[in-house]
Every structure is written in C-alpha cells, then in structure tokens.
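Working notes, beginning with the structure itself.
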Amino acid sequence: MTKGVEMREQNITMTIGRGVVVARPDSRDALRKRPRVGERVIQSLLFACGFISIFTTLGIVFVLGEESFLFFGSEEVSIIEFVTGTVWQPAVGEFGILPLLLSTLITSIVAMLVAIPVGLSAAIFLSEYASPKARSILKPVLELLAGVPTVVYGYFALTFMTPLLRSVFGQDTIEVYNMASAGLVMGIMIVPLVASMSEDALTAVPRSMREAAFGLGATKLETSVSVVVPAAVSGIMAAVIVGISRAIGETMIVALAAGAGPNFTFNPFKAAETMTGHIARISGGDLSYNSIDYNSIFAIGITLFLMTLGLNIISRYFVNRFREVYQ
C-alpha cells in the first residue's frame, strides 16, 4: 500500500508516500481529548474580564439612570423644558439643555472638519503612497499625537490657537474663550484616531483590486479614490463615528479654551460651555448631595450617554450595511 490509512483495534498505521507513522495507544481512552489546565485558566480569565466589562457598563448606566430619575422626578424640572429650553441655570430653576448641547455639537463639528479630511488624507498616503520604510516611521510618529495629555491640548488651544485666530480675524471678532479654537485643537487631537483606523481599513482591501484597476489604465490617484476608498467605506465610516464620539466626550480642551458659562449661540467665535466642560466645572464646586445642582450633573451625563449610544448604533449600521467580504 503506497498511500492510505490502515486502522486496527489496538493499532493505527498511517502510510504517506515513503514515510510510515505508527501510533500504538494503550487503549481507546488514549484517543480522547486530554484536559489542558492552562487553556481552562486562560478561558476563565478572559470570561472574567468580559464579565467585569459588561458589569461595569451596566453599573454606570444604573447610576446615571438612578440619579437622573431623581433630577427629572423633581417638581422643579420639566422634561419638555429640559429638551427645548435655551437657558441653563439650575441655581435659579432654569433647566434648558440646548445651550450646552449646541456648544457641544459646534465644537464637535469644527473638530471633525479638521479630523476627517486630514486624517483620511494621511491614511490614503500611508496605505497607497508611502513605502514600507516610510510607513513604519510616519505612522508611529502620527500616533504620538494620541499620547499627548488633553490638558496640554487645552493650554495649546488657549495660548497658541486663540491668539492665532485673533490675529487673523481680529480681536473684536474672536473672544478670548471661544468654541472655534477648542474645536480646531480637538480636531488635531482626533487626527491620529481617524488616520489609524482608516489606514487599517484601506490596507485590508485586497491587492488584486488595485492591480485590476491598474490593468484598466487607472492612475494611482484614481485607484485610491475610486476603488480603494469605496471598498473600505465601512471601516472609514466607523473611524469617523468613533472620532465624533471622542469629540463629544472630550473635557479638558473645552473646559480650558471654550468658555465657562452656558451660552446659546451659533457663533463659534463666542465663548460657550459644553456639556462635559460644565460637568467638570460644577462637579468641583461645593454641591450638596441630592441637591438639584448635583442631580443635574447626572442628567447631562445620561444625555451624553444616549448621544454616544446613538452614534454606536449608527456605526454598527454602516459597518453591517456597507461591509465588503473578500475571499
């Protein structure tokens, strides 16, 4: 027998080509899967980590919900006023979330106007144009921006970006504290996140698609824009939405550079306090437990949580809707 497998009750003989492998187990039990203690321990540790993560998330949601219920259950608070009001002054009984919400959205929009084009352009360059050696150097350097503390970005916005904007647009136009400088620096901070995630999505596109485009006469730019980017659109959209979530949840930059008082304005050159900046400011004050001011922090927190949850749902939709599966 030149090729084949011969099995007996107490003997297993495999002949492949010219080599013969003989296994002589003592009994049928020797063929059973043996327990591996190390794998069981690792599996238990992974399960524990996953359980702790889920339990922590549920605990945060529970605390936010419980304290927010105390806030909305107060006779002084109206949910309709909370959603539609344009004045936020809990000390005097004004609970309109729109000034904080609007300033949060404005700074986030300004940040993404910087992060999306710069981050996506950097990702395309690293994926399609840079040599392997250049990529190995430039990508870690780009990701160093993600390691800079956000408080440093905040002082950078206050001491560099704001004077620069005031010198360009005039001191009468730009206030010392303004949403534009905070948003621009937030965009710089988010560039590494968008660039890294987008570059990973672009790199995952099969090489065969690029070669097919080159075979049809497409240039490198046409291949990158018309073939590679559309093929990686689900990963790029996920990167953009993660960047938006990062901008909405940023605290120190807006707390230092955007302003320290709620202001219902659409002008990004004006000072206005964001939701996270307001939480950081008043939580450090002398607030008594279970007061209306104290409970308002959790009402803002649950609003931020719902916004982030909505963005995650949208991200999942885009990933599932436009994901390409390559064989």
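The values are calculated or read from the model by the stated rules, or taken from the named source; none is laboratory data. Computed from a predicted structure; not experimentally measured. Because the Cβ atoms are built from the backbone with ideal geometry, glycine has one as well, and the counts that use them run over all protein chains shown.
Can you tell me which of (1) in a helix (DSSP H, G or I); (2) closer than 24 Å to THR159 by Cα; (3) among the polar types (S, T, N, Q) is the one SER245 doesn't meet?
(2)
What about ALA280, is it under 17 Å from VAL185 (Cβ atoms), without any contact (Cβ under 8 Å) to a residue 60 or more places away in the chain, in contact with a helix residue (DSSP H, G or I) (Cβ under 6 Å, 6 or more places away or on another chain) and among the hydrophobic types (A, V, I, L, M, F, W, C)?
Numbers: under 17 Å from VAL185 (Cβ atoms): yes; without any contact (Cβ under 8 Å) to a residue 60 or more places away in the chain: yes; in contact with a helix residue (DSSP H, G or I) (Cβ under 6 Å, 6 or more places away or on another chain): yes; among the hydrophobic types (A, V, I, L, M, F, W, C): yes.
For ALA280, the condition - under 17 Å from VAL185 (Cβ atoms), without any contact (Cβ under 8 Å) to a residue 60 or more places away in the chain, in contact with a helix residue (DSSP H, G or I) (Cβ under 6 Å, 6 or more places away or on another chain) and among the hydrophobic types (A, V, I, L, M, F, W, C) - is met.
Name the single residue that is nearest to MET237 (Cα to Cα) among those in segment 151-168 being surrounded by 18 or more Cβ atoms within 10 Å (Cβ to Cβ) and under 22 Å from the mean Cα position of the chain (by Cα). I'd like the intermediate steps shown before the answer.
Taking segment 151-168 as the starting set, the residues that turn out to be surrounded by 18 or more Cβ atoms within 10 Å (Cβ to Cβ) are 153-154, 156-158, 161-162, 165-166.
Subsequent filtering for residues that are under 22 Å from the mean Cα position of the chain (by Cα) retains 153-154, 157.
Values: TYR153: 25, GLY154: 27, ALA157: 27 Å.
Only one residue tops the list, namely TYR153.
Which one is nearest to the chain's Cα centre (by Cα) among residues in segment 310-327 that are in a helix (DSSP H, G or I), surrounded by 12 or more Cβ atoms within 10 Å (Cβ to Cβ) and at pLDDT below 80?
The residue in question is SER315.
Examine segment 139-146 for a residue that is in contact with a helix residue (DSSP H, G or I) (Cβ under 9 Å, 6 or more places away or on another chain), crowded, with 18+ Cβ neighbours inside 10 Å and acidic (Asp, Glu), and state whether such a residue exists.
Within segment 139-146, none of the residues are in contact with a helix residue (DSSP H, G or I) (Cβ under 9 Å, 6 or more places away or on another chain), crowded, with 18+ Cβ neighbours inside 10 Å and acidic (Asp, Glu).
So if I check each of ILE253, ILE244, which one is crowded, with 18+ Cβ neighbours inside 10 Å, over 30 Å from ASP172 (Cα atoms) and modelled with pLDDT of 90 or more?
ILE244
From the residues in segment 45-81 that are surrounded by 10 or more Cβ atoms within 10 Å (Cβ to Cβ) and among the small types (Gly, Ala, Ser), which one is farthest from LEU304 (Cα to Cα)?
In this case the residue turns out to be ALA48.
If I go through segment 82-95 residue by residue, how many of them are surrounded by 16 or more Cβ atoms within 10 Å (Cβ to Cβ) and closer than 16 Å to ILE302 by Cβ?
Going through segment 82-95 one residue at a time, the tally reaches 4.
Would you say ILE52 is among the β-branched types (Val, Ile, Thr), in a helix (DSSP H, G or I) and either within 23 Å of ASN290 (Cα to Cα) or touching an Asp or Glu at 6+ places or on another chain (Cβ under 7 Å) (or both)?
Values: among the β-branched types (Val, Ile, Thr): yes; in a helix (DSSP H, G or I): yes; either within 23 Å of ASN290 (Cα to Cα) or touching an Asp or Glu at 6+ places or on another chain (Cβ under 7 Å) (or both): no.
So ILE52 fails the test.
Looking at (1) under 25 Å from THR276 (Cα atoms); (2) of a type in the set (Gly, Ala, Ser); (3) modelled with pLDDT under 90, which is the one condition that is false for GLY187?
Failing condition for GLY187: (3).
Filter segment 169-225 down to the residues that are among the charged types (D, E, K, R), under 30 Å from GLY261 (Cβ atoms) and surrounded by 13 or more Cβ atoms within 10 Å (Cβ to Cβ) and list them by number. Let's see the steps before the verdict.
Step one: of segment 169-225, the residues among the charged types (D, E, K, R) are 172, 175, 199-200, 207, 210-211, 220, 222.
After this cut, where a residue has to be under 30 Å from GLY261 (Cβ atoms) as well, the list is 172, 175.
Within segment 169-225, just GLU175 meets the criteria.
Within the set of pairs 6 or more residues apart or between chains, which connect a residue that is more than 14 Å from TYR294 (Cβ to Cβ) inside segment 59-79 to a residue that is surrounded by 14 or more Cβ atoms within 10 Å (Cβ to Cβ) and among the β-branched types (Val, Ile, Thr) with Cβ atoms less than 9 Å apart?
VAL61/ILE302; GLY65/ILE302
Which of the helices (runs of 4 or more DSSP H) found entirely inside segment 146-209 contain at least 1 residues meeting this: in contact with an Asp or Glu (Cβ under 8 Å, 6 or more places away or on another chain)? Reasoning before the result, please.
Numbers: elements: 150-156, 162-169, 179-203.
Ranges flagged: 150-156, 179-203.
What number of residues within segment 273-309 are part of a loop (DSSP other than H, G, I, E, B), of a type in the set (Gly, Ala, Ser) and within 12 Å of ALA91 (Cβ to Cβ)?
Here is the first cut: in segment 273-309, the ones part of a loop (DSSP other than H, G, I, E, B) are 273-274, 284-291.
Next cut, of a type in the set (Gly, Ala, Ser) only: 284-285, 288, 291.
Narrowing further to those that are within 12 Å of ALA91 (Cβ to Cβ): 285, 291.
Summing the residues that are part of a loop (DSSP other than H, G, I, E, B), of a type in the set (Gly, Ala, Ser) and within 12 Å of ALA91 (Cβ to Cβ) in segment 273-309 gives 2.
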